[in-house]
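> Sharing a structure here in structure tokens format.
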Amino acid sequence: MDRQISEQLKNSQKKRSYLLALAIVSILLFSFIGFNTLVTPSVNGKSLTTSIAEIGVIEATVPGAGVIIPEYEMSITSPVSAKLEKVLHNTGESVKAGESILQLNKEASLISYEKVIDEQLVNRNKINQLELSLQKSLNELNTQYSIKHIRIRSLETAVAHEQSLLDIGGSTQENVKQAHLNLNVAQLELKQLQNQISDQRLMMQADLKSLGFEISIRDKDINAISAKLKNAAISSPRNGVITWVNDKIGAEINEGEELVRIADLSSFQVEATISDTYADELKAGRTAIVRINKNDLRGKITNVQPEVENGTVKFSIALNDKNSRLLRSNLKAEVYIITSYKDKVVRVKNGAAFNGSQEQKVFVLNGNEAISRKVKIGDSNSDFIEILSGINSGEKVITSDMQDHIHLGKIQIK
């Protein structure tokens, strides 16, 4: 027959169970704390990149992109409307100053030239005809003037005769008045004829001058067409390399149409772009760094385009070393605009460990350990970071990404 367990015994068993559970949890907790105290997380030193802090120069920069282009590239256009007859040099070939590149068929332009010459001959004939016509009119007026002048003398005689007759009673006062009237009318007609002759001379001079201007303009047109025809044999104005040529033989070419581009590959410049975010930093005369295959060339910003296109601003850079062996036409390059310069600052090489914050944690090597250090960051560029505080010159800093360990105080380096 089973005995009933007393309440006191039950409570005693529960208490022992609670104490046992508490003891197990305590053992596990202390074991975990002790393990972490004895064991420090570690990383493989070969996977890390490091930089020794040093005293040096820091140039703050903003990034851009650029393309190397010839400093001198000229475009040759067709001086006349013609047909492309022959290509003497192709793209990529070197040419010397004065060397022919293209040959144009200028038959149509020659026909136009001859037409202008004929028109000029007609104009010169017109001026002769006009001179003869105007001189004829002037001669007729002069003849009329002479006749009028003789008539006036006759009328003056008639007036005197009538006055004499009046004085002896052989004429009347009315006859004398009529004689005076006839003389006055003749004198006015003579005056009118004088004005007409003067106007005719002025008109003659104006017409001849106008036609003379037209002939002068035509002469200039003729000289210009003649010069264009002489230049129809397209030749290079200087030594260089053909970067593009119209090689469509038989094509109809309009006057002013591009035919050839020639570049002088002995010197180069950079056409660059930068985000409009940094537009305020873009100023003519500011120093720029052009990086080609990890090699740096320096230059000055010479020209900044005023407009923003697709979120970027275009500008040009004149290189200090324009004929460096690193330069190739159409080669892409990294561009950095220097915005400030500081000397004698603590700096380390830029790397993934730096996140752009003004204050952050980095790891400094101390023997086989990396110790977390809070640092204050200053200016930066693609190569270096300025350390304002937290790291001294000569200390070795881990520059690779340590984000997974940033919460730790120190790390073991294996």
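> Test of understanding: in a Gaussian network model of the chain with alpha carbons linked when under 10 Å, which of A97, A158, A65 would top the mean-square fluctuation ranking?
Looking only at A97, A158, A65, the largest GNM fluctuation is found for A158.
> Once Lys and Arg get +1 and Asp and Glu get -1 on their Cβ, which of L141, N123, L193 lies farthest toward the positive end of the dipole of the stretch 109-230?
N123
> Match the structure shown to one of the listed values (i) 4, 11, 11, 11, 9, 8, 8, 7, 7, 6, 5, 4, 3, 2, 1, 1, 1, 0, 0, 0, 0; (ii) 5, 24, 34, 25, 11, 2, 0; (iii) 4, 16, 21, 18, 11, 7, 8, 8, 5, 1, 0 of P(r) over Cα pairs in 10 Å bins from 0, in percent, computed from it, and give that label.
(i)
> Describe numerically, in nm with one decimal, the distance between label points set 7 Å from Cα along Cα→Cβ at T172 and at A160.
Between T172 and A160, the label points sit 2.6 nm apart.
> Here is a follow-up. With springs only between Cα atoms under 10 Å apart, run a GNM on the chain and tell me which of G169, G285, G299 wobbles the most.
G169
> Related question: Please list, or write none, the aspartates and glutamates whose alpha carbon is within less than 15 Å of the alpha carbon of K294, excluding same-chain residues fewer than 8 places away.
Straight-line reach from K294, under 15 Å: E334, D383.
> For K209, which aspartates and glutamates qualify as cross-link partners when the Cα separation must be under 20 Å and same-chain residues fewer than eight apart are set aside?
Output for K209: E119, E131, D199, D219, D221.
> Separation between the Q305 and E369 pseudo-spin-labels, each 7 Å from Cα along Cα→Cβ, expressed in nm?
For the pair Q305/E369, the computed spacing is 5.7 nm.
> If you rank E281, E395 by fewest surrounding Cβ atoms within 10 Å, what's the result?
Working: E281 16, E395 19.
Arranged by neighbour count, lowest to highest, E281, E395 become E281, E395.
> Then there's this: Distance in nm between label sites at N239 and A279, each 7 Å beyond Cα in the beta-carbon direction?
Label-label distance for N239 and A279, simple model: 4.3 nm.
Throughout, read-outs are computed from the coordinates displayed, never taken from laboratory work. Just so we're clear, the structure is a prediction, and the values are computed from it rather than from any experiment. So basically every Cβ, Gly included, is an ideal-geometry build from the backbone, and we count neighbours across all protein chains shown.
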